[in-house]
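What follows draws every value from the coordinates through simple rules; no lab data is involved. Bear in mind the structure is a predicted one, so any value in this text is a computation, not a measurement. So basically every Cβ, Gly included, is an ideal-geometry build from the backbone, and we count neighbours across all protein chains shown.
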Amino acid sequence: MGTKATASARTHPCLRGTFPSSAKQPGLVTKACYFTINNHQLVILGYPYEITPLQGRQAHVVKYHIPYCEISGRGPPPDDLTGITLGDIYIDISPGKYAAYGRVAEAGGSDSESWQRWYDPQPGLRSDGATALPKHPYCRNRWLWCSDATGINWFTATTVSSIQARAKSTGLMSRDVGKTEAARWREASAIIGSFLQSATPEGFGDKNEGDMLTPPLSPLSFPSESREPSPLIGKRKTRGQGAAEASGSRPTAAFVEGERYKAVLRSLTQRLKAEKNELVEDVRALEEYLASTNPSPPLDIPESKEFSGWIEKVLARGIEGYRHELDPGVREYCDLKAELAVAEAQQSKEESMLEDAQILLGLAIYEHKRLKSQCE
């Protein structure tokens, strides 16, 4: 497929503001999302909508946003749902019965569509039949998956394997290969529930991964009665908050500015990690492209853990430089805090010198009294 849209290409409905609706479930929440592919991964079979190329950080890498609509409601997808398109995602947010569905084309090359439920096929990325993962109807190597950290999206097989390994290491997913269908669905529900309970408005406020027009499953998008909050939300207090509540007074301005400063640093850290992940994907895509054009040995792709030292160095240099971009209140607080640290160090030094002087004075007085007693 070329990078230019064909004459028949049209804007995706959700980007025009046309969202699915249902008379049976009038309280559905819908929003426009997208995932990102680059020109080396651009294998789209009969894609009917217009996509615009976006220049990446590297001249040879061009990115594209593939839009879809995310729908969330209680219960399975209603049968009267209108305005849906292939590639849309539906999330059942019924407490204890969480589920995800992908809108896919029926097998056999027919024009009919259906909702396919997601659960772990173990391993099954390339399998067929009832246990296969929902596969994106237009983009090759894109599969429906839920990450307990980033939510539900159409991921590459490499990303799915990475998320799956992390879920096994944390115990969210069992290592049992012979799981029954009911066990797989319970496991999928637990993974989705883990993400829903860990997602907070504060956590999504600074999120900037570039894969969504709005964050999937954002609690800000749900009706107030449609989500069970985490039992830990609102219960964790910092030392300053506890002291302020114990004294019955409001937090000081310095404490508030400090919290804002920490939030900015957290946002910077998340952005650096997102950029690192994009770099890894670009390198892998370039490796695939080179392997397809030149049968030379593959490049050595650095693992994520090898970037930890790089992240620490970038943070060490970036935090100080980023401080100058903060608002004047935060910058003034940081300057005052630095001056206070210098003043405390100087005071400690002067107190140490004073103690030494007092010791010497005591020794002098003792020696004077001893000599005076000898003379008498």
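Worth a mention:
- Working from label points 7 Å from Cα in the Cα-to-Cβ sense, the residue 140 to residue 166 distance is 2.8 nm.
- Sites residue 97 and residue 346, calculated FRET efficiency, Cβ-Cβ separation with R0 56 Å, nearest 0.05: 0.35
- Scalar couplings 3J(HN,Hα) for segment 68-84, obtained by applying the Karplus form with A = 6.51, B = -1.76, C = 1.60 to θ = phi - 60°, are 7, 9, 9, 10, 10, x, 8, x, x, x, x, 6, 9, 5, 10, x, 7 Hz; x denotes Gly and Pro.
- Net charge of neighbours whose Cβ lies under 15 Å from the Cβ of residue 24, counting Lys and Arg as +1 and Asp and Glu as -1: -2
- Gain on full stretching of the segment that runs from residue 277 to residue 11 - 0.36 nm per residue minus C-alpha separation: 92.9 nm
- Under 12 Å, Cβ to Cβ, from residue 357 - net charge with Lys/Arg +1 and Asp/Glu -1: -4
- Entries in 349/372; 262/337; 31/63; 97/273; 97/135 that, when Cα-Cα distance is taken, lie over 25 Å: 349/372; 97/273
- Fewest-first ranking of 140, 184, 103, using other Cβ atoms within 10 Å as the exposure measure: 140, 184, 103
- Theoretical FRET efficiency, 1/(1+(r/R0)^6), r = Cβ-Cβ of residue 190 and residue 284, R0 25 Å, to 0.05: 0.25
- By the count of other C-beta atoms within 10 Å, a proxy for reagent exposure, 359, 71 are ordered fewest to most as 359, 71.
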